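Right, one structure below, let's go through it.
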Amino acid sequence: MKKSILTYILGTCVVTLFSACKPEFKQEENSPGSIDATSFVMIGGGSVSGFMDDALYFEGQKNALAQLIAQQLELVGGKEIHQPYVSQGSNGLSLEGNARFKLNYRTDCKDISALSPVRAAASGDLSILNDVLYNGQKPFGNFGVPDLRLLQVNEAGYGTQNGFFGRIMSAASASVLSDALAANPTFFALYLGVEDVLSYAKSGGKNNSELPSLSEFQTAYEEIVNAFIGLGCKGAISLIPDVTQMPYFTTIPYNGLTLDAENAQTLNNIYNPLDFYFEVGSNPFMIEDGNANQFGIRQILEGEKLLLSLPLDSVKCNQMGTLFPIRNEFVLTLEEIAFIQTRIQGYNSIITTIANQHNLALVRADAFYDKLQSGFMYNGVSMSSTFVSGGAYSLDGIYFNAKGNALLANEFLKAINIRYNSTIPALNAGYFNATIFP
Amino acid sequence: MINRFVFVLFLLLVTFHAQISLGQGFQVNFQGQKQQGMGLAGTAYYQDGASLFFNPGSVAFSNENSVNVGFTPTFANTLYVDSATQQGYRTNSPMGTPFSAYGLFKLKDSSNVRLGLAVYTPFGSTVQWEDNWIGRFALTRLQLSSIFIQPTFSYRINEKLGLGAGFIVSVGSVNLQRDLPVQHPNGEYASAELSGRAYGFGFNAGIHYNVTEKFGLGLTYRSRINMGVSNGTAAFDVPESLEANFPDGPFQSSLPLPQVITLGLSYKFTEKLVAVLDINYVGWSAYDTLAFDYEKNTPSLSDTKSARNYVNIFAFRGGVAYDVWKGLTLRLGGGFGFTPVQAGYATPETPDANRLYGTFGLSYAFGDHFSVDASLYYTQLKRSDTNLETNLSGSYTTKAIAPGISLIYKW
């Protein structure tokens, strides 16, 4: 008898101890702080819409900046937002009508096969422009529209000139802003101005007159913010990153012209009279520059950028960049880079002032891109702004992939938490896809 | 008898690997059930063959031939809570199986010489994290195991002073797995597995001094042992297009097992009640870097050197034993050890922290020849840190329980 009681007591003790052996996990309560996250609306360009790999397509939209922020706001009382999804099997559509990029083998003009962004189909899925997705009962929360510039946000009838808005607008006369306000938001976020500077930079700095002046920028931005504040919304607005850090502008080295003795001699014979010299090894490419000399050509300088739109086969096989200087549309000169950066600073000081005036959360997207530029470790993964291997950019070299968007969404959440004393947890960016390798 | 003993040892060697994450760093202190019952202390108190580990000098005062086989199944669970996402992730580590086997022999009754053979597992750990956990690119699984084989010679100089020393041959293995941040066509992450066998040599020496009938002192030194992996195998599961960047091939690495200096005290209050205290000084600063040297390097695969920067630490262990009635002894103990892992260096492989633990034990002797010991160990610890290398930032909470048993036959 005595023995069985002892066994019983010992047995109970051991069972208790074994169950005590697993640490208890208590999920923290998340607080919305002083925001009402119920109905979230975000306006912006490509990143906000989920545009990546140079196309709007389903998987990209699933990981749109607006969607990822909304997902976390759901933890503090937000409702799931509606998104204007492209159908799941679609290869997507770029601004120029192309299909999305995938990473695959591409054989170049020299018959060398290498991994490269390759279009998933010969043509983009133009059918998505015929979509009529507006539903008054289920207003969208994501008003990210690829290529949306600041001055177009409040432009009535914008859907007739940009089909990406055309498929989601409430009526032909609608503006992005009017539809966003009609969604009855309680909290808003803006990531605007990026497409403006991008469109200038992607053109190789061709039309700087298309960039809004600082006063135009201020007026338009205030108009949008005031409209939301008029509804009683609180919100987060983001600064504009230095777009010239994007791999689209940094992947092709300025001195990527590799010459052997014979080719160097040939080029020296041609160009020495103009004071341009070539040596065996790496050399700067020849570019067009109307101001350079009577021929309007010169060598590209260190710090100047060759764009990813540069036709590399022409460079490799048809003397582009040597006998035929690279056209201005593929180059950002030092002057153009300085112009972009100065303009971004101007826009950013306006955005900062507006955020301070209205006590909005100010998102330091610019600082995040800078941090990415210098590289950092994220939970054991090294992230940088290097094309493909850097882990953050999609295959277009401009817009982030899902992982990059998650990291940027975390910057929005961080700013919201700081400004509104909320405790919205960050996304685990490691959970999101980067580039898929064949 | 010796033949039978060797057979038992052989069985143990093939059956078990030491796999647990207990003790400071990856040190494991389960080498004797009686000592485990008394807070893992016993450097100045001879009790049984386990003294071959705790103090070869104490063995000089044994007066028996014995075989002692012990096993301590160990259950440890760690919860990691990521500070940014507030998500929790757990380990699914397998049961740890530290064991010890001791054979103790006196040549003849009058001799001052004692011979012993000890086989035990003082270092090792297996940490297996749940699938898709947030630190998967730092570590998914690490298995370290080592088995020490220590032939020992002890000599009793007089009734007060005993000396002993053993030569250690250490055989071990390592298996490290983690995910790589590149994705297969199906979205699965690539992974790396590094595995290899390791060997090392060292020694364990001790002095035991009986100051009075009641008061004993012990001092031991266990040397540092470098476990070298000279011909490991690195295997990569990567997308086909990246296979040339991550070639499978040999690698070299090494892991230092630190030196340990222990001062022990024992005091017999009565014939039935004894108390022991051990103070360890562990030379963890030997573990400053974890390096992997791949034979085939590529732009994607370079040799790695990760700073560990462990520091030397003290640990304090103590306990009491009380003979309740004929043949039955109860034990109670506990201890505290500082962590060798500095701020900024906590990793998923050894989520270590300062730790407090408690132990309990009992023995029962069935007549003159055969006895059974049992013990129970419990600890919990918590470490919050941001790792300087990976930026993993969060808190690790570990709870561990280890019930142990040993069988002793003496003649």
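The values are calculated or read from the model by the stated rules, or taken from the named source; none is laboratory data. As the structure is a computational prediction, the values presented were derived from the model and not from experiment. Note that each Cβ is placed from the backbone with ideal geometry, even for glycine, and that neighbours are counted across all protein chains shown.
Condition first: in contact with a Gly (Cβ under 6 Å, 6 or more places away or on another chain) and on the phi > 0 side of the Ramachandran plot. Now tell me which residues in the range A:45-87 satisfy that.
A:GLY50
Which condition breaks for B:ASN186 when tested against (1) farther than 28 Å from B:ASN312 by Cα; (2) at pLDDT 95 or above?
In the conditions (1) farther than 28 Å from B:ASN312 by Cα; (2) at pLDDT 95 or above, B:ASN186 misses (2) alone.
Check off (1) farther than 17 Å from A:SER49 by Cα; (2) in contact (Cβ under 8 Å) with a residue 12 or more places away in the chain; (3) not polar (S, T, N, Q) for A:ILE112 and give me the number that stays unchecked.
(2)
Of B:ALA346, B:ALA365, B:ALA402, which residue is modelled with pLDDT under 95, surrounded by fewer than 17 Cβ atoms within 10 Å (Cβ to Cβ) and of a type in the set (A, V, I, L, M, F, W, C)?
The unique qualifying residue is B:ALA365.
Quick one: which strands (runs of 3 or more DSSP E) lie wholly within the range B:259-324 and hold at least 3 residues that are over 23 Å from B:ALA198 (Cβ atoms)?
B:260-268, B:273-282
Which one is surrounded by the fewest Cβ atoms within 10 Å (Cβ to Cβ) among residues in the range A:392-438 that are more than 12 Å from chain B (Cβ to nearest Cβ) and among the β-branched types (Val, Ile, Thr)?
Checked the range A:392-438; the qualifying residue surrounded by the fewest Cβ atoms within 10 Å (Cβ to Cβ) is A:ILE418.
Mind counting the residues in the range B:87-145 that are assigned to a strand (DSSP E or B) and of a type outside the set (Val, Ile, Thr)?
Residues in the range B:87-145 being assigned to a strand (DSSP E or B) and of a type outside the set (Val, Ile, Thr): 28 in total.
B:PRO122 - would you say it is within 24 Å of B:GLY200 (Cα to Cα), buried (at least 23 other Cβ atoms within 10 Å of the Cβ) and at pLDDT below 90?
Spelling it out, B:PRO122 is indeed within 24 Å of B:GLY200 (Cα to Cα), buried (at least 23 other Cβ atoms within 10 Å of the Cβ) and at pLDDT below 90.
Residues of the range A:164-183 being crowded, with 18+ Cβ neighbours inside 10 Å and in a loop (DSSP other than H, G, I, E, B), which ones?
A:ARG167, A:ILE168, A:MET169, A:ALA174, A:SER175, A:ALA183
Output the number of residues of the range B:92-133 satisfying the condition of being touching a Ser or Thr at 6+ places or on another chain (Cβ under 9 Å) and facing another protein chain (nearest Cβ under 10 Å).
1
Among (1) crowded, with 17+ Cβ neighbours inside 10 Å; (2) in contact with a Gly (Cβ under 8 Å, 6 or more places away or on another chain), there is one condition A:LEU126 misses while meeting the rest; what is its number?
Evaluating A:LEU126 over (1) crowded, with 17+ Cβ neighbours inside 10 Å; (2) in contact with a Gly (Cβ under 8 Å, 6 or more places away or on another chain) leaves (1) as the failure.
Go through (1) aliphatic (A, V, I, L, M); (2) at pLDDT 95 or above; (3) surrounded by fewer than 20 Cβ atoms within 10 Å (Cβ to Cβ); (4) closer than 25 Å to A:SER389 by Cα one by one and return the number of the condition A:ILE229 breaks.
(4)
For the range A:65-82, does any single residue satisfy the condition of being within 24 Å of A:LEU310 (Cβ to Cβ) and part of a strand (DSSP E or B)?
no
Please work out if B:TYR89 is crowded, with 24+ Cβ neighbours inside 10 Å, modelled with pLDDT of 95 or more and either within 14 Å of another protein chain (Cβ to nearest Cβ) or under 16 Å from the mean Cα position of the chain (by Cα) (or both).
No; evaluated as a whole, the condition is false for this residue.
B:GLY404 versus (1) in contact with a Ser or Thr (Cβ under 9 Å, 6 or more places away or on another chain); (2) assigned to a strand (DSSP E or B); (3) more than 13 Å from chain A (Cβ to nearest Cβ): which is the lone unmet condition?
For B:GLY404, the failing item is (3).
If B:ARG331 satisfies every condition in (1) closer than 28 Å to B:LEU176 by Cα; (2) touching a helix residue (DSSP H, G or I) at 6+ places or on another chain (Cβ under 6 Å) but one, which is the exception?
(1)
So, in the range B:229-239, exactly how many residues are more than 10 Å from chain A (Cβ to nearest Cβ) and farther than 16 Å from B:ASP303 by Cα?
Selection size over the range B:229-239: 1.
When you check A:LEU150 against the structure, is it farther than 18 Å from A:GLY50 by Cβ, touching a residue at least 40 places away in the same chain (Cβ under 8 Å), within 14 Å of chain B (Cβ to nearest Cβ) and not acidic (Asp, Glu), yes or no?
It is false that A:LEU150 is farther than 18 Å from A:GLY50 by Cβ, touching a residue at least 40 places away in the same chain (Cβ under 8 Å), within 14 Å of chain B (Cβ to nearest Cβ) and not acidic (Asp, Glu).
Could you please find all residues in the range A:243-277 being surrounded by 18 or more Cβ atoms within 10 Å (Cβ to Cβ) and assigned to a strand (DSSP E or B)?
Correct list: A:ILE252, A:LEU257, A:LEU259.
Checking B:SER154 against (1) surrounded by 24 or more Cβ atoms within 10 Å (Cβ to Cβ); (2) within 14 Å of another protein chain (Cβ to nearest Cβ), which test does it fail?
(2)
If B:LEU362 meets every condition in (1) over 22 Å from B:LEU277 (Cα atoms); (2) hydrophobic (A, V, I, L, M, F, W, C); (3) within 14 Å of another protein chain (Cβ to nearest Cβ) apart from one, which number is that one?
So B:LEU362 meets the others, but not (1).
May I ask you to say which residue of B:LYS326, B:LYS305, B:LYS296 is touching a Pro at 6+ places or on another chain (Cβ under 6 Å), surrounded by fewer than 16 Cβ atoms within 10 Å (Cβ to Cβ), of a type outside the set (Asp, Glu) and modelled with pLDDT under 95?
Sole residue among the options that is touching a Pro at 6+ places or on another chain (Cβ under 6 Å), surrounded by fewer than 16 Cβ atoms within 10 Å (Cβ to Cβ), of a type outside the set (Asp, Glu) and modelled with pLDDT under 95: B:LYS296.
The rows are residues; the columns are (1) in a loop (DSSP other than H, G, I, E, B); (2) buried (at least 18 other Cβ atoms within 10 Å of the Cβ).
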| site | (1), (2) |
| --- | --- |
| A:GLU279 | yes, no |
| A:LEU308 | yes, yes |
| A:LYS316 | no, no |
| A:GLU329 | no, no |
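May I ask you to list the residues in the range B:385-398 that are assigned to a strand (DSSP E or B), within 9 Å of chain A (Cβ to nearest Cβ) and surrounded by fewer than 21 Cβ atoms within 10 Å (Cβ to Cβ)?
B:SER393
Hey, could you check the range A:117-163 for residues that are outside any loop (DSSP other than H, G, I, E, B) and within 22 Å of A:ILE237 (Cβ to Cβ) and say which is nearest to the chain's Cα centre (by Cα)?
Only one residue tops the list, namely A:GLY144.
Taking B:GLN252 as the residue in question, decide whether it is more than 14 Å from every other protein chain (Cβ to nearest Cβ), within 30 Å of B:THR304 (Cα to Cα) and out of contact with any Lys or Arg (no Cβ under 6 Å at 6 or more places or on another chain).
yes
Could you pull out the residue among B:THR390, B:THR347 that is of a type in the set (S, T, N, Q) and either more than 23 Å from the chain's Cα centre (by Cα) or under 24 Å from B:ASP278 (Cα atoms) (or both)?
One residue alone meets the criteria, B:THR390.
Does any residue of the range B:271-283 turn out to be crowded, with 22+ Cβ neighbours inside 10 Å, away from chain A (no Cβ under 14 Å), out of contact with any Lys or Arg (no Cβ under 8 Å at 6 or more places or on another chain) and aromatic (Phe, Trp, Tyr)?
No, that holds for no residue.
For B:LEU242, indicate whether it is within 14 Å of chain A (Cβ to nearest Cβ), aliphatic (A, V, I, L, M) and surrounded by 16 or more Cβ atoms within 10 Å (Cβ to Cβ).
It is true that B:LEU242 is within 14 Å of chain A (Cβ to nearest Cβ), aliphatic (A, V, I, L, M) and surrounded by 16 or more Cβ atoms within 10 Å (Cβ to Cβ).
When the residues of the range B:255-270 are filtered to those that are at pLDDT 90 or above and in contact with a Lys or Arg (Cβ under 7 Å, 6 or more places away or on another chain), which remaining residue is nearest to B:ALA235 (Cα to Cα)?
That would be B:PRO258.
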